[in-house]
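Worksheet: one structure, shown below.
What follows draws every value from the coordinates through simple rules; no lab data is involved. What you see is a predicted model, and the numbers here were worked out from it, not measured in a lab. Counting neighbours? That spans all protein chains shown, and the Cβs are built from the backbone with ideal geometry, glycine included.
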Amino acid sequence: AQKVTQAQTEISVVEKEDVTLDCVYETRDTTYYLFWYKQPPSGELVFLIRRNSFDEQNEISGRYSWNFQKSTSSFNFTITASQVVDSAVYFCALSEALRDDKIIFGKGTRLHILP
Amino acid sequence: DAGVIQSPRHEVTEMGQEVTLRCKPISGHDYLFWYRQTMMRGLELLIYFNNNVPIDDSGMPEDRFSAKMPNASFSTLKIQPSEPRDSAVYFCASSPDRVNEQFFGPGTRLTVL
């Protein structure tokens, strides 16, 4: 069975602080894909990153970075020097794409960046 | 590219009425997904299609819900009769294949009174 756990329901930080959103997943497959999506207050779901299980290199995109560790089944997301515009709900998701077309989403972490 | 298009953006209806939500996926995408989002249950997959064929509808809550995809550029999700507990945001998403990310539409906010 697939499972994605985002233990942090809600986080508040002051602007310019760094913040890490945790994501832990469960899968029996060796080939799988991990995703992060952002849902700002306007409501749309915006794709941020996709990572396949064979690529454990950390990814950096501007102020965003992702730490993929298969040993701990985690795919954590860090925002450096947070800004108010980063306030949103962030979803981690898992796909066992070789056996299933579906993406399983975590419950999301609501991030508040305080000015 | 216009992205995934959903209509209407907002729908308010009375209990017992039929509701039809519409979705136009991104051209060339073979997969189309319907999700429902509520505070209590989060993001739930209702049904998805591959090349216009329904593959998995195990997430459809009950017989009041039905979905169709008559062609590659159009899908509908119908609720008949609607109930207050159906109030939610309904998202449509499309994907070019099974390993790539899904692209979401803006959602339809449904309120059933």
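Tabulated results
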read-out: Within straight-line cross-link reach of B:LYS68, lysines at Cα separation under 20 Å, skipping those fewer than 8 residues along the same chain; value: A:LYS102, B:LYS24, B:LYS78
read-out: Centroid-to-centroid separation of segment B:59-113 and segment A:18-74 [C-alpha atoms, Å]; value: 25
read-out: For A:GLU15, residues with placed amide H under 5 Å, excluding near neighbours; value: A:LEU114
read-out: Cα point-scatterer Debye curve for segment B:2-59, base-10 log of I(q)/I(0) at q = 0.31 Å⁻¹; value: -1.23
read-out: Chain A - percent relative contact order, Cα under 8 Å, separation 6 or more; value: 38
read-out: Proximal aspartates and glutamates relative to A:LYS16, as straight alpha-carbon distance under 19 Å, when same-chain residues fewer than 8 apart are discounted; value: A:ASP86
read-out: DSSP bridge pairs, chain B: antiparallel proportion in percent, nearest 5; value: 90
read-out: Karplus-derived HN-Hα couplings along segment B:40-54 (A = 6.51, B = -1.76, C = 1.60, θ = phi - 60°), whole Hz, x at Gly and Pro; value: 6, 10, x, 9, 10, 7, 8, 7, 9, 10, 10, 6, 6, 9, x
read-out: Over chain B, relative contact order from alpha-carbon pairs under 8 Å, at least 6 apart, %; value: 37
read-out: Size of electric dipole in the protein assembly as shown: Cβ of Lys, Arg +1 and of Asp, Glu -1, about Cα centre, debye, nearest 20; value: 180
